[in-house]
Structures are given as structure tokens and as C-alpha cells.
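For reference, the structure discussed in these notes is given below.
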Amino acid sequence: MLAALGAAIAKDLRLLARDRASLVFLALAPVVVITVAGFSLAGLFGAPPGGARAYVLPVADEDGGRLGRALREGLAGEQAIEIRPVAGSEAARALVRDGTAGAALVIPPGASAALWAGRPTSLLLYTDPVKYLEVANVGALVQEARHRLEEAARARAGHRLAVTRHQARAARLRFARSSRILRRELDRLGAELAAARSEGARQLAAAHAETEATVRAAAARQAGALRVRLAAELAPLHQFLAQLAERQRAFAAWLTDVKARAGRFADRLPPPPEPPALPSGILTLDPNALAERLLPPGDTSLDVRLPRLELAPPPSLPALDLPAFPEAPPARLPGSLHLEQVSVTGAPSRLNAFDQNVPGFSVTFLLLGMLLGVSLGLLDERDWGTLERLRAMPAPFAATLVAKLVARFVVGLAQMIGLFAIGRVVFGVSLGPEPWALLLPTAGIVFAATAFGLVVAGTARSRDAVLPVGSIVIVTMAAVGGCWWPIELEPGWMRQAALALPTTWAMRAYNDLMIRREHLAAALEPTAMLVAHGAAYLLLGLVLFRRRTLGRV
Amino acid sequence: MLWTRRVVASILSAVQAAIVVEGLVKRYAGRVALGGVTFDVGSGEIVGLLGPNGAGKSTMLSILATLLVADAGTATVAGHRLPDAARAVRRAVGLVPQQTAVYPTLTAAENLRFFARMQGLGGAAATAAVQRALALIGLEGRADEPVWRFSGGMRRRLNLACGILHEPRVLLLDEPTVGVDPQSRERIFAAVDELARAGAAILYSTHDMEEAERLARRIVLLDRGQVAAAGTAAELVAAARLTPRLRLRTARVLPEHWLANVDGVRALGGTGTEAVVEVADTAVVPAVLRAAADAGGDVRELALHRPSLADVFFTLTGHALRDDESPAAAAG
């Protein structure tokens, strides 16, 4: 049995190796289709891979300012966009109208100035509604660029604000320090002033006393001298007064004589001016005594009192109640609102289109390969008569069937591994954190596809019926199962219906492992479903094929 | 003495019969493909299985090759009764189907080696069997060429080789020479002869009466699922009571009773200057020629046709087409 099985497997592998068309179909065709589909459907994922034609984005910079330059620089790094500067908004609009671009960006005049002056301004995006995917992608990229610019401006403003606040905080610290120094100096000055005033008062009092003593001594000396000089001065006056009194008396005698002489006319004579009466005793007064009297000897006679000098109270120093330098207000720019996409599995938010297309089209071509390999292979055997010959041989018929299925399973597995390897090397697809985990769903879908090939072989009445029937079913399975586009694009009812297809489970596992970067556990349920599908197909295929084959003459 | 020898031969044949079919019945959806067929094939004997389309030849071979199970009757192959001992029968039987049941992209040697392994032959035995089969069919020099390059005759020879790798005790051949060149046909005949001489019981299904007559010791003529006749070619001809026919072409049309004076002959008609005469014995041919000359016929051409298997065939099965009774139609 095992020898027959081995021989049959070897035969089937040899048949495949000799079939260049099948080899091309298994190996080359998927790569070509994956390449074409990967590049052409990349827009679905918003990230045309390297080498893909980027979206043309006409940019009309009617502003000619910093905003336009910054936007162009911001978008220049986007592989998905090819910036095409145009003269003005009309030219941009024309490129959208003629289908060259799905969207065109216009930077209106004065936008930079308005923006930098803090006024709101708008950009204009012309769009072609038919190219909604391109518009969505380009719009998102422009929004991202705009957001980056805004973020950069916000960051600069925030930096400036931070610098200003830092400077203010430093100035406040310096002010506080200076205030403390000033307050200390003022206190010290007040103390020094008080001490100086006290010393001044003391010195003033001493000076006062000394001055008073000096003045008194000087006054005494002056008074003595004055008495001497007064006496000396009074002496001629005394003498004069004595002469005057003498003369007065002579004048009175003269007058009496005159009057006597005027006889009768004496009445007519006017009375002479009354000479001042000399104070009594003045003539008898000794000049020295008078000087003594005028300037009494001794200090007591001189009451020298200097005016009391009072130092003016020291100026009151102002109470240095400096207000605290205000803390810089917590002026912060309003935070910008980000929408951060975080994959729940830690996968990057933007995926390589080939992460979808490589497994998707590999599964498609796996199914088609099984259609050729298993379905047509068995029908070929039936048509060639080899199946009949084998049935008439001692080796169990099951060995022939199992051998073909095993051979195609091995080939299918090799095909999938080869396509994934090419996808990895050429298109840089992700194989997830555990690449070997991909073997589980791969083995599952290869098993299901192999068994499905048996179902088609058991269903089709002839070789000619295999391709139309099989390809319609396979194309539907691939499309509905999410092999060609993300299954999330399909309506809900279709996604529910797709659960009945092995392709859906295979793609779920591949998406989980490759795109969502999940681990082995994520592939267990899909793999179990694939094995269940495969087992059901195998059972059904065996029944159908056996009935159709054994029923023939 | 002759009778005794025949009885002994019959007994020996029955004892040594590799294929014994008795009252075999097979129906497809109510349509009778085999309606109680009985015959046997002894070891070393080649039996021709003749019959028009739908006669039941392929059904018979399929039952004997274990591909079908009879509805009634018994079939014993190489001493193993079907369908119970199907596996043992498969080991003993070599089937050479009507189709060239080989893999076109494999080489002749690869085809042979594969079928040898499927017959249960081990590595060395398989290799020896392949070499032996290649030599028997004369393809040693082309063993490593892919079959798709082969001519129809080479494919037919390879088809035969694939069925004899395990030196079967019973060989079932289903029209093995269809569409082959004369050289290939001769090689196939030689191979079949050699296998029979080696002791294989060979059931040879064919439409070609000449090759059946030439190869087969006995003929089993099937028609509509029944054995219409069985025996050697001579026995069949004799049983059909067919006589030789003389075909004449004359310069002028012969008169109506130009054979009236010749005994043992009967005019079968003809058209214009052609006349067909049934003769009881070839000895009367000169008399017929003389009568034609006397009648002013001036014989230009003369052909004597002895009764053949084909004549028996057409006599027993008729000339009507049997397209609607072909195996495919019967199957389904």
C-alpha cells in the first residue's frame, strides 16, 4: 500500500514537473497577478508601495509664501503623492477636470500672511467625486501635512512661550533676590542712620556745650575788654557830659545875663531850647563803674545760651514692601487634538498593499491550481483510461486517489510557501511576529483547496465542465472570501455568508498574523475551520467522485 | 476416437479454464447489457470476443477486470470467484483497455515502472518486468522518450506492455490494435501469441474479424448481451451454413437464366454487368465460367469469396447500425 502510494505520489509529481503550463500557472502566473494587483489595488490601502505610480497632486500656490513652501516640503516625503506645481487655481481645477488628478490643492493669496498674523485661513482642495479613494487618500495626506505644519507652528510658539516664561521666571528670581538685597540694605541704612543721628546728637550736644563754654569764655573776655574799652570810650563822653553840664550852666547864666540885658525885651526873647537834663548822677558816674555796670564782670554776667540744635530726625526710609514679582501666568497654548490610531495589536496603521494581495492571490491561485491539479488531473486520468487501469490493479483505488491528493497538497504547500517567500523578498510583505505560524492556515487552506478540487472532479461531468464551473466557484470564493480586497468592504450579509467559505478563514488568519501582527493563537480557530471545511469537502468529494467514477462503464 | 479426443480436450479445458463465465447478467438502469452469458477461456488459449457496439463486450471485460459487478451469474477468473475475490483476481489479471491508458508526459519506462509498482512489483522485479515488457513490444530504444512523441502504434504497444508487466495468468485485451500501423499490429499479435504460449488465458475483444480469426482459437460472438455463437472460426462458419460466393464482372449483361444448366449453384443477383453466384463447392467454378462464356458474358473479372467470420458476424448480427447500443449509451 505504502509503496503504491509512494509510486503514485512520485508519478503525480513527475506529471506536474513535465507540465510546463501548470508550472507556469502555479508559480509565474500568481507572481504576475500579485504584482499587477498589488500595484493597481494599492490605492485601496492608501499606501502605494515603492515603484507604484503615485497620485498626482496639482498644487497652485497663489500665495507664494512660507505656507506653500512648507506644505510642499511636507508632502514631498509622501510616496503616495507626486506634487505637480501649477500656475494657478484654474490650472489645478483643469487637471482635476481632465482626470489627470483626483484632487488639487490651492493655497489662496495672503494665506501665509494671514496665518502668521494669527488670523484663520483656509486651503482649497478641488476634488473629483468619482475618484473617491484617491480623494480620500490625498485629502488625508494633505490633512496630515497641514496638521504637521500646525503642529510645527504650535511647537515653535510653545517653545517661544516656554523661553519667555523661563526668562520671566529668571527675572522674577532676580527681582526677588534684588528685593531681598534692597530690603536688607534699607534696613541696614535705617540702622546706620539711627546710629548716625544718635552720634550726631551726642556730638551736637558736646559741641553745643563746648561752644557755649567757649562763647562764654570769649564773651567774658570780650566783656572785660569791652569794659575796658567802654570805660575808655566813656571817659571822653563823661568828660563831654561834664563839659556839657558846665556849659549848660554857663548857658543858663548867659541867658540870665542876656535876659537881664534885654531888660524889657527880655519877655520877647523866646525861651531857649531846654537842654536835656542830664541824668542824675551820670556826671558823677565813674566811667569804670559805668562800664562795670554795663558789663558786669564774671561769666554769670554773660548768659550765653546757644540755641539748642536739634538734629532733624532721619528721614524715614520707605517701608520696602515690594510686591512679589508675579509668577508668569500659566499661559499655555491650547493643546491640539490628535487622532492617534493605535492598532490594538501593535501593528502599523498603514499597511503594505502586498500584505493583503500576496496571501489573497496566493490563495486564489492555490484554488485554481487545485482545480487544474486535482480536478482536471483526476478527469485526465479518467479520460486517459489510466484510472480504469489502476482500478483493475491490486493497489487500492484509494491509494491512487490519496496519492494524487497528497501530491497536490505537497505542491500546494510548496506553492504557497514559495509565493510568500517571493512576497517577502520582492514586495517586503510582513510575515508577522511568528512567521512559522503562517504554516497553520497555509496547511489548512491547502488541505481545503485540495479536497475542494476533489469535489469539483466529482461534480463535473467532463473536463470541459471543470473550468467554467470550477473557476466560477473559485472566483466567487476568492472574491467573497476577501482574497482580492479587504472583506470589510463587503456588506454585512455578504460577510456573514462568507463564513461558509474556506477563503474567508484563510484570509482572516493571514490578516491576523501578517497585518495585525498577532501570534499563533489567532490562527488556531481559522485553521480549525479550514480543516473542518477540508474534511467536509473531502468526504463530499470522495462520495461524488466515487459515484461518478465507479458508475462509468 | 476423434470424439474421445474432443471430450478429453474439453474436460482438460474446463479443468484448466482461467476464465469461467456462467449465466452472467448485467443491467444498466433496466437495460440489459449482458443477458446470461456463458463461456470459458482456458489457460494458454486466446478467445476472441466479438460483437457489434452495445453487444456487451466492454461490460464483460469490465466485470472480469473487477471494474463492474455482475447482477447475476458467476464469473471465475484464475480460480477466484468474482466479486468476492476481486483483489486476488486483480493480481492475476492484466487489463489492456481500449484507450491507450498511459501518461502522455511520462516516458515509456516511467509509465511501465509506475504500473509495475502499482501491480505490486518491487524495485528489482519492477525493473526486470519493465525491461521484459519493453523487449516484448519492441520499444527498448524509445524507453526514455515521453509518450506524447509516440505514434499511435507505439502507444498501443506500450498500452499492451502496461498490462502484462506482472505476467498475468489472465489477459483481457479490449481492441488493442485500433488505429495502429500494420507493423505495430504484427508486433502486438506476436506478443499476444507469445503470452498465450506462455500460458496466459487471453480474452481478446475486437471488432476486427480478421484478427480474431487469425489470433483466436475460439470465438465468442456477443450480440445484444447474448452469446450469438461460440466456437472456432470454422465451426462458426459451418454453423452459419454459409457457402462460398463467386463474383463475376462481364463485358455484357448476362441473360436471366444463364446458370440454368449448372448444378450446385444459385444466382444471388447483381447489378448490370456484375453477377454474384453462391456455389456449394468451389469445384463448380469452372462450370460457372463456362456458362458465363456460353451466355456471351465475356468474363473480365472473377473473385471467389469463401465464407469468413465477418460473414458469420453479419449473418448473425445484421447490418443495422448499433450506435444507440454503444457502451456510453448503455451506461447512461
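The values are calculated or read from the model by the stated rules, or taken from the named source; none is laboratory data. Quantities reported herein were computed from a predicted structural model and do not represent experimental measurements. Don't worry about glycine lacking a Cβ; one is built from the backbone with ideal geometry, like all the others, and counts go over all protein chains shown.
Tabulated data for the structure shown
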{"item": "Strands (runs of 3 or more DSSP E) contained entirely in the range B:1-59, each with at least 1 residues that are out of contact with any strand residue (DSSP E or B) (no Cβ under 7 Å at 6 or more places or on another chain) and at pLDDT below 90", "result": "B:17-28, B:31-42"}
{"item": "Where residue A:26 falls short, out of the listed (1) within 30 Å of residue A:400 (Cβ to Cβ); (2) modelled with pLDDT of 80 or more; (3) more than 14 Å from chain B (Cβ to nearest Cβ)", "result": "(2)"}
{"item": "Leading residue by the ranking (nearest to the other protein chains (Cβ to nearest Cβ)) among those in the range A:503-553 that are over 17 Å from residue A:375 (Cα atoms) and of a type in the set (S, T, N, Q)", "result": "A:503"}
{"item": "Candidate set: the range A:482-512, residues that are touching a residue at least 40 places away in the same chain (Cβ under 8 Å) and not in a helix (DSSP H, G or I); chosen: the one surrounded by the most Cβ atoms within 10 Å (Cβ to Cβ)", "result": "A:483"}
{"item": "Near pairs, Cβ below 6 angstrom, 6+ apart or cross-chain, from the range B:206-226 (surrounded by fewer than 20 Cβ atoms within 10 Å (Cβ to Cβ)) to any residue that is assigned to a strand (DSSP E or B)", "result": "B:217/B:46; B:226/B:35"}
{"item": "Qualifying positions in the range B:89-101 - more than 7 Å from chain A (Cβ to nearest Cβ) and at pLDDT 90 or above", "result": "B:89, B:92, B:94, B:96"}
{"item": "Listing of helices (runs of 4 or more DSSP H) fully contained in the range B:100-209 that carry 2 or more residues being within 20 Å of the chain's Cα centre (by Cα) and closer than 25 Å to residue B:64 by Cα", "result": "B:152-163, B:182-197"}
{"item": "Of the criteria (1) at the interface with chain A (Cβ under 9 Å from one of its Cβ atoms); (2) within 20 Å of residue B:50 (Cβ to Cβ), which one residue B:170 fails", "result": "(1)"}
{"item": "Filtered residues of the range A:92-128 (kept if surrounded by 16 or more Cβ atoms within 10 Å (Cβ to Cβ), part of a helix (DSSP H, G or I) and in contact (Cβ under 8 Å) with a residue 24 or more places away in the chain)", "result": "A:92, A:93, A:95, A:96, A:111, A:112, A:115"}
{"item": "Meets criteria (in a helix (DSSP H, G or I) and at pLDDT 85 or above) for residue A:170", "result": "yes"}
{"item": "Flag if residue A:450 is of a type in the set (Ser, Thr, Tyr), within 30 Å of residue B:121 (Cβ to Cβ) and within 14 Å of another protein chain (Cβ to nearest Cβ)", "result": "no"}
{"item": "Residue among A:450, A:459, A:400 that is of a type in the set (Ser, Thr, Tyr), touching a Phe, Trp or Tyr at 6+ places or on another chain (Cβ under 7 Å) and closer than 30 Å to residue B:87 by Cβ", "result": "A:450"}
{"item": "Single match in A:447, A:545 (criterion: aromatic (Phe, Trp, Tyr), farther than 30 Å from residue A:38 by Cα and over 44 Å from the mean Cα position of the chain (by Cα))", "result": "A:545"}
{"item": "Selection status of residue A:103, closer than 15 Å to residue A:54 by Cβ and within 21 Å of the chain's Cα centre (by Cα)", "result": "no"}
{"item": "Subset of the range B:60-84 (residues that are of a type in the set (A, V, I, L, M, F, W, C), assigned to a loop (DSSP other than H, G, I, E, B) and within 12 Å of chain A (Cβ to nearest Cβ))", "result": "B:65, B:67, B:68, B:69"}
